[in-house]
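The values are calculated or read from the model by the stated rules, or taken from the named source; none is laboratory data. Bear in mind that the values here come from a model prediction, so they are computed numbers and not experimental data. Cβ atoms come from the backbone with ideal geometry, glycine included; neighbour counts cover every protein chain shown.
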Amino acid sequence: MTDTYPPGVQEYIQRGEALTAAEESRRAAMRAMKFDTIAVHGLYGMEAALANQGSIIEPTYLSPAQHFENSDHMEAALAYLMPAWAYSRVANPTQHFLEETLALLEGYGCEVATSACVTASGMAAVFMATNPFLSGRAPMNIVASARCYGGTFMLFQERYGAERGVEIRWVHDPLNLQEWSDQIDENTRFLYGELPSNPGLAILDVAAVAALAHEHGCPLIIDSTVATPALLRPLCHGADIVVHSLSKSITSSGMAIAGALIARHDLPSHIGTDEMREDFVRYVKLLPYRDHGPGLSPFSAMMIMNDLRTLRSKMDLFSRNTMQVARFLSDHPQVGAAFYPGLESMRDYALAAQQMWLVDGALEDGAPLNRYGHLMGFTMRGGAAAARAAFDRLQLIWRATDLGRIKSIATIPAISTHQQQGESGRELAEVPDNLIRMSVGGEHPDDIIADLDRALTGA
């Protein structure tokens with residue numbers, strides 16, 4: 001239908017087709033590269049640099065709007081007939097470089113066409129990944145693991161459930177495939193899971209749950225914030241959409257708040273248009289994302305990109321440190337139980353070992369290496385009072401609510417990240433009041449362990 005546009009606009013459409021073809025060529029070339037190379041370069045190559053004054057690092061476009069050459073250029077761009085950014089609420093070149101890198105990393109190692117969209121926070125990403133499936137007035141329900149982040153629980157339970165009448169069907173045990181299956185019916189809009197979950201470190205079988213979703217024509221959405229694509233790529237196991245709080249593991253410096261959704265093309269859904277199913281992220285970005293306004297600051301996008309370049313090596317370091325800390329805590333007399341996917345005492349250890357691997361293995365020989373991330377938890381003997389007392393005695397480990405930092409951080413979820421969902425909601429999500437959640441960073445593990453030992457023993 002582009003031939004209905006004036007000749008001047010058609011010229012810009014043709015120019016856009018050439019730009020799109022060049023970018024696809026670069027994308028194809030990068031798919032042949034290793035994970036670390038993709039993380040370092042993304043789509044930004046030498047030709048792009050020469051178009052940006054030769055800058056080796058991706059430029060940060062802080063201007064909120066694009067200048068157009070003329071009215072034909074503006075019309076073609078705002079009709080989405082050629083690559084453009086027009087206004088940073090919809091798109092921005094710096095955001096685009098980050099999105100393309102994330103899309104390539106989540107699709108690494110499998111033949112899956114992917115697209116990505118970055119948002120101003122992780123919760124904005126969860127909202128943009130789920131809300132498009134909740135259109136229409138027909139009865140609808142969501143089937144989701146109750147072992148999830150407190151913000152997600154509240155979005156589903158309160159915003160979707162209480163305020164909009166969406167039935168929320170919580171899966172108590174994400175390892176129980178029969179429980180997932182029993183909850184799905186013709187009114188189910190999507191399935192949602194998180195692994196490893198925050199804060200309980202629960203695991204689910206992505207391939208098996210995806211198969212159940214697809215049998216009913218539904219997409220499976222996975223929050224993979226804790227693992228990152230360096231340890232797990234759910235799209236390669238059959239999931240349809242992945243969400244991240246980029247504020248966490250990927251932005252280990254802690255210098256930005258952001259989120260992302262990455263989706264495979266041609267996802268299953270009995271809701272929405274053909275265009276939405278063919279390229280869900282493009283649909284989201286150009287329509288509901290534009291209208292809801294959860295755009296990411298270009299400056300934040302650049303800060304995240306700089307952290308992303310070394311993701312694999314940092315997740316390897318954090319994982320090795322956390323394994324040492326988890327083993328120490330699992331043997332400590334003041335600790336009731338330690339939770340970490342890499343501990344053999346965990347009920348879902350075998351499944352975690354099956355799904356979580358350091359991408360590309362060891363640098364020296366490429367041998368496969370299980371790695372389980374930086375997040376762990378432990379309960380205190382003596383209940384909530386003992387947990388608060390130990391927490392208050394920490395001197396090196398920071399008391400805060402975030403995670404995935406280069407600096408180690410601890411929190412008590414019952415009074416922080418999961419406080420608002422109430423006692424019954426915490427019981428459903430298995431978040432006891434004596435649980436301390438820890439995100440282990442890049443410090444030497446001996447120093448982290450020493451700080452924990454002082455706090456636990458009161459020495």
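Just to verify a result, which residue in the stretch 68-80, among those that are assigned to a loop (DSSP other than H, G, I, E, B) and at pLDDT below 95, is surrounded by the most Cβ atoms within 10 Å (Cβ to Cβ)?
Of everything passing the filter in the stretch 68-80, Tyr80 is surrounded by the most Cβ atoms within 10 Å (Cβ to Cβ).
Could you tell me how many of the residues in the stretch 97-149 are farther than 30 Å from Met46 by Cα and more than 14 Å from the chain's Cα centre (by Cα)?
Of the residues in that region, 17 qualify.
Checking the structure you have, find out if any residue of the stretch 292-313 is under 29 Å from Ala210 (Cα atoms), free of Cβ contacts under 8 Å to residues at least 40 places away in the same chain and not in a helix (DSSP H, G or I).
No - not one qualifying residue is present in the stretch 292-313.
So for the stretch 82-99 (the condition being surrounded by fewer than 20 Cβ atoms within 10 Å (Cβ to Cβ), assigned to a loop (DSSP other than H, G, I, E, B), of a type in the set (S, T, N, Q) and modelled with pLDDT under 95), does at least one residue qualify?
no
Residues being surrounded by 19 or more Cβ atoms within 10 Å (Cβ to Cβ) and outside any helix (DSSP H, G or I): count how many of those fall in the stretch 170-183.
Looking only at that region, the number is 3.
Residue by residue through the stretch 263-283, note down the ones that are touching a Ser or Thr at 6+ places or on another chain (Cβ under 9 Å) and at pLDDT 95 or above.
Ala263, Arg264, His265, Met276, Arg277, Asp279, Phe280, Val281, Arg282, Tyr283
Quick one: which residue in His216, His244 is in contact (Cβ under 8 Å) with a residue 24 or more places away in the chain, over 23 Å from Gly151 (Cβ atoms) and not assigned by TED's automatic domain parsing to the domain that holds Gly373?
Going through His216, His244 in turn, just one is in contact (Cβ under 8 Å) with a residue 24 or more places away in the chain, over 23 Å from Gly151 (Cβ atoms) and not assigned by TED's automatic domain parsing to the domain that holds Gly373: His216.
For Phe391, are the conditions met, namely being aromatic (Phe, Trp, Tyr), touching a residue at least 24 places away in the same chain (Cβ under 8 Å) and assigned to a strand (DSSP E or B)?
No; evaluated as a whole, the condition is false for this residue.
I'm checking my understanding of the structure. Among residues of the stretch 411-456 that are in contact with a Leu (Cβ under 9 Å, 6 or more places away or on another chain), assigned to a helix (DSSP H, G or I) and small (Gly, Ala, Ser), which one is surrounded by the fewest Cβ atoms within 10 Å (Cβ to Cβ)?
Ranking the qualifying residues of the stretch 411-456, first place goes to Ala450.
Given the criterion of a type in the set (Asp, Glu), over 23 Å from Phe318 (Cα atoms) and either in contact with a Gly (Cβ under 7 Å, 6 or more places away or on another chain) or surrounded by 18 or more Cβ atoms within 10 Å (Cβ to Cβ) (or both), identify the matching residue among Asp240, Asp291. If you could, list the steps in order and put the result at the bottom.
Details: Asp291 fails: either in contact with a Gly (Cβ under 7 Å, 6 or more places away or on another chain) or surrounded by 18 or more Cβ atoms within 10 Å (Cβ to Cβ) (or both).
After applying the criteria, what remains is Asp240.
Determine whether the stretch 32-55 contains at least one residue that is surrounded by 17 or more Cβ atoms within 10 Å (Cβ to Cβ), over 27 Å from the mean Cα position of the chain (by Cα) and either modelled with pLDDT under 95 or among the polar types (S, T, N, Q) (or both).
Within the stretch 32-55, one or more residues are surrounded by 17 or more Cβ atoms within 10 Å (Cβ to Cβ), over 27 Å from the mean Cα position of the chain (by Cα) and either modelled with pLDDT under 95 or among the polar types (S, T, N, Q) (or both).
Do we find a residue being among the β-branched types (Val, Ile, Thr), modelled with pLDDT of 95 or more and closer than 20 Å to Tyr349 by Cα anywhere in the stretch 154-171?
yes
Would you confirm whether or not the stretch 329-341 contains a residue that is surrounded by fewer than 22 Cβ atoms within 10 Å (Cβ to Cβ), at pLDDT 95 or above, under 26 Å from Gly254 (Cβ atoms) and not polar (S, T, N, Q)?
Within the stretch 329-341 (the criterion being surrounded by fewer than 22 Cβ atoms within 10 Å (Cβ to Cβ), at pLDDT 95 or above, under 26 Å from Gly254 (Cβ atoms) and not polar (S, T, N, Q)), the answer is no, since none of the residues qualifies.
From the list Gly404, Gly373, pick out the single residue that is in a loop (DSSP other than H, G, I, E, B), modelled with pLDDT of 95 or more, closer than 21 Å to Ile203 by Cβ and under 22 Å from the mean Cα position of the chain (by Cα).
Being in a loop (DSSP other than H, G, I, E, B), modelled with pLDDT of 95 or more, closer than 21 Å to Ile203 by Cβ and under 22 Å from the mean Cα position of the chain (by Cα) holds for just one of Gly404, Gly373, which is Gly373.
Just checking, does the stretch 249-260 include any residue being more than 17 Å from Trp357 (Cα to Cα), touching a residue at least 40 places away in the same chain (Cβ under 8 Å) and surrounded by fewer than 18 Cβ atoms within 10 Å (Cβ to Cβ)?
Yes: the stretch 249-260 contains one or more residues that are more than 17 Å from Trp357 (Cα to Cα), touching a residue at least 40 places away in the same chain (Cβ under 8 Å) and surrounded by fewer than 18 Cβ atoms within 10 Å (Cβ to Cβ).
State whether the residues of the stretch 143-162 include one that is without any contact (Cβ under 8 Å) to a residue 24 or more places away in the chain, among the acidic types (Asp, Glu) and more than 19 Å from Glu427 (Cβ to Cβ).
No; the residues of the stretch 143-162 include none that is without any contact (Cβ under 8 Å) to a residue 24 or more places away in the chain, among the acidic types (Asp, Glu) and more than 19 Å from Glu427 (Cβ to Cβ).
In the stretch 1-55, how many are of a type in the set (D, E, K, R) and part of a loop (DSSP other than H, G, I, E, B)? Can you show your working first?
Filtering the stretch 1-55 down to residues of a type in the set (D, E, K, R) leaves 3, 11, 15, 17, 23-24, 26-27, 31, 34, 36, 47.
Add one more test, that the residue is part of a loop (DSSP other than H, G, I, E, B), and what stays is 34.
The total comes to 1.
Only one of Ser249, Ser253 is assigned to a loop (DSSP other than H, G, I, E, B), over 16 Å from the mean Cα position of the chain (by Cα) and not β-branched (Val, Ile, Thr); which? Quick ask: steps written out before the conclusion?
Details: Ser249 fails: over 16 Å from the mean Cα position of the chain (by Cα).
None of the others qualify; the one that does is Ser253.
Here's the yes/no breakdown for (1) at pLDDT 95 or above; (2) among the β-branched types (Val, Ile, Thr); (3) closer than 22 Å to Gly136 by Cβ:
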| site | (1), (2), (3) |
| --- | --- |
| Leu235 | yes, no, no |
| Asp240 | yes, no, yes |
| Val243 | yes, yes, no |
| Ile250 | yes, yes, no |
| Ala260 | yes, no, no |
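Going by the structure shown, is Pro229 buried (at least 18 other Cβ atoms within 10 Å of the Cβ) and either modelled with pLDDT of 95 or more or more than 18 Å from the chain's Cα centre (by Cα) (or both)?
The answer is yes for Pro229.
I need a count of the residues in the stretch 100-114 that are in a loop (DSSP other than H, G, I, E, B) and hydrophobic (A, V, I, L, M, F, W, C).
3
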